[in-house]
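What follows is one structure encoded as structure tokens, with my remarks underneath.
The values are calculated or read from the model by the stated rules, or taken from the named source; none is laboratory data. The structure presented is a predicted model; accordingly, all values stated were derived computationally and were not measured. Please note: Cβ atoms are built from the backbone with ideal geometry, for glycine as well, and neighbour counts cover all protein chains shown. Surface accessibility is based on the protein's heavy atoms, side chains included, excluding ligands, DNA and RNA. Shrake-Rupley method; radii C 1.70, N 1.55, O 1.52, S 1.80 Å.
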Amino acid sequence: VLHFLDDPRNNNNDNFYDGYSTAWKLATENGHDGTLKTVGDVNSCIVTGPTLPPAPVTPAPVPPPTLPAPVTPAPVTPTPLPTVLGNHIPGCVSTVIYDSIISAVADHGNNLPNNADKAHFFGGIVRLAAHDFMDIDINAGNGGSDGCIDFDEGENAGLEDIWCSGCFLTDLYEQTYVPLGVSKADFWVAIANGAIKATSRNQILDLPFQWGRLDNDNCTPETAATHRLPASTGCLQVEETFITRMGLSWTDAVALMGAHTLGRASLEASGHDGHWMDDIQQATVFDKHYYDELIRRSWFPRVNSAGKQEWSWGGNNRGAMFLNTDICLFFDIQDGDSHSCCTEIDGDCRGNFQNAQCASAQSVRPEAHAAVLHFLDDPRNNNNDNFYDGYSTAWKLATENGHDGTLKTVGDVNSCIVTGPTLPPAPVTPAPVPPPTLPAPVTPAPVTPTPLPTVLGNHIPGCVSTVIYDSIISAVADHGNNLPNNADKAHFFGGIVRLAAHDFMDIDINAGNGGSDGCIDFDEGENAGLEDIWCSGCFLTDLYEQTYVPLGVSKADFWVAIANGAIKATSRNQILDLPFQWGRLDNDNCTPETAATHRLPASTGCLQVEETFITRMGLSWTDAVALMGAHTLGRASLEASGHDGHWMDDIQQATVFDKHYYDELIRRSWFPRVNSAGKQEWSWGGNNRGAMFLNTDICLFFDIQDGDSHSCCTEIDGDCRGNFQNAQCASAQSVRPEAHAAVLHFLDD
């Protein structure tokens, strides 16, 4: 206790986090000695078949005599079902699958080290999806969102940093969504939606999405139609791409151009150099700022170091630039590289171009000019409603172009599940006349190849790569952090850890059964409340069944992984990456008798702690004290356990996984109490805001007997405020020295 507490005056959790990691590894891998496997890179879950020896030569058998064909009534043909992975319709995107994509994009991008990398990542994703849909020609009837881009074409330069072998998004797709049959075209639109949601103000913009786009399997430079992408010369190119070939309006075009708020251009990729916003931080935010920059700045034409026409607003512009295709939306400039005006609306050109100001585009492109003003709305506020509404409309048209009537709505978890129809009774078929018995031909014994693991495509079922593992961690963090209040967050994150712990705490190393095996009896009282975490319709259950069951991931592995995700998300600075290996097998015969729930510790005292963690799990007292530190998360409820309260001093602290548990244990003056359900607890009195400890907590540092009769308090440096004749509970240093020392070690300072 002292070891984990360390020094209560600081937030150094190293002792606790190290101790917890050690204990967690022992607890979650208990009973799986030598069978678990390390989480590897994207290739670790891929298997290819061995080269087989030539097939043995088999003599042709003697043909049987020809017999008259028996008369067979025509069978009833059932309505064909879609091809399925298990019972999942390939390509189908449910809300669970879609949300997991959105979460993975946000989590990866937000954890990049600086704004330049974030702008490149988020902006690059939107550019990837846009370059896929902008090649459509509604008149020719080809192109559009079809997962087909020629990455060797100059207009697409730079996208190879976003989509490539070894790139995060490519690995995520191939490992997690290819086995579900999700098309590349659908995935690119979904990740762009994720990038825009993650960077929109307050993450409020949920763009429309339907699934069912088919990939162009013959994607070549000739079919990729890259020549249809707009050059940066001016509004003739904007009109040709968005209006003529895509069939959109000028309002739609202006909305889609607003995506230039994200990311930057580079000389290597496009020959242009700079970001559209006034600084790189703003280039990570998807909002109406693009239109504000277009109107408010005094833009001057310039030729960059690559000889390309751009516009700069001079001064300390920190790398900002606009292109002809941006300027022309509000100003009447000709296509090309020769311009002699500036866009200073309310002033002059600071002596340049004989102070010639670019004319307004109101008369030549009135709809575009009006759209800029409409999307900007009032530049003095952050109201993005007009822009977000306009962008959503244009995005839907652009990403669904060419897929009229073929796309399908994202539905709930059941929308991607198919079951076979009940067939009519099989028709009666007269028994055929058996052919005469012939001697069996002599066949050399074939060479049997070494069997391969069963695979989904070429994915080893159950294998968890870093991409799959990280997607689980991201989904847990994203869902939990978006819950509306601390009480819900504490219940969600704490409940996940309790779920995994109740799975591994039933092990008996002496009997050789139990442990992390995906087997919990949810009707047992000790597990009450877990049905809010794992149930039909619960977020985590749906996530598992829709996304990870098709990959063969075991429930036991998934429960450990989501607990790791909950602890990482709630640890200080999200720093604690707990160890994880995959390969746990589920107990398919999980019944009340086999779930061994009776092995879970009661809350009576340290005899129960010793019985569970030391005797049956084979851990040390230091490990036990570390694992008990998880009580920092969540709360107990009368309905679930008969106890009522959280271990921390307030519900906000109950959403943080740190050493605070040991500080509370030592610093507070805990008094025994009997709650409204007649159960023994400990309270520190006064305005304790629902805080409570159990006998199994108090006994780690104090020598109290098991049971419900106590007449002492834990006031170390004072008295018991007149209670119990000021009797202070004795230290556990002599009876449980390792536990006592562990508390101090984990508390540290």
With a 25 Å threshold on alpha-carbon distance, the violating pairs from 118/408; 37/184; 118/568; 408/489; 288/568 are 118/408; 37/184; 408/489; 288/568
Expected vector for segment 546-557, Karplus 3J(HN,Hα) from phi with 6.51, -1.76, 1.60 and θ = phi - 60°, integer Hz, x for Gly and Pro, equals 7, 10, 10, 4, x, 8, x, 5, 6, 4, 4, 5
Zone reached by a paramagnetic label modelled 7 Å from residue 302 Cα along Cα→Cβ, restricted to segment 246-287 with backbone N below 11 Å, covers 273-275
Per the C-alpha gyration tensor (a ≥ b ≥ c, the square roots of its eigenvalues), segment 621-724 is rounded if a/c is under 1.5, else prolate if a/b beats b/c, else oblate; here it's rounded
Correct semi-axes for segment 451-565, from √(5λ) of the alpha-carbon gyration tensor and rounded to whole Å with the largest first, are 24, 21, 12
Per the 1/(1 + (r/R0)^6) rule, R0 = 45 Å and r from the Cβ atoms of residue 25 and residue 716, FRET efficiency to 0.05 is 0.85
When every protein chain stays in place and a 1.4 Å probe is rolled, 469, 662 sorted by accessible area with the largest first are 469, 662
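Classify segment 541-637 as rounded, prolate or oblate from the Cα gyration tensor: take a ≥ b ≥ c as the square roots of its eigenvalues, call it rounded if a/c is under 1.5, otherwise prolate when a/b beats b/c and oblate if not.
Since a/c reaches 1.5 but b/c is at least a/b, the shape of segment 541-637 is classed as oblate.
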Extension length gain for residue 675 and residue 414 (0.36 nm per residue less Cα distance), in nm, is 89.7 nm
In nanometres, the difference between 0.36 nm per residue of separation and the alpha-carbon distance of residue 404 and residue 482 is 24.6 nm
Scalar couplings 3J(HN,Hα) for segment 256-271 by Karplus 6.51 cos²θ - 1.76 cosθ + 1.60 (θ = phi - 60°), nearest whole Hz, x for Gly and Pro, are 5, 5, x, 5, 5, 4, 9, x, 8, 9, 10, 4, 5, 8, 10, x
In whole angstrom, the spacing between the Cα centers of segment 203-275 and segment 517-568 equals 41 Å
Note: residue 513 to residue 152 extended length (0.36 nm per residue) minus current alpha-carbon separation gives 124.3 nm
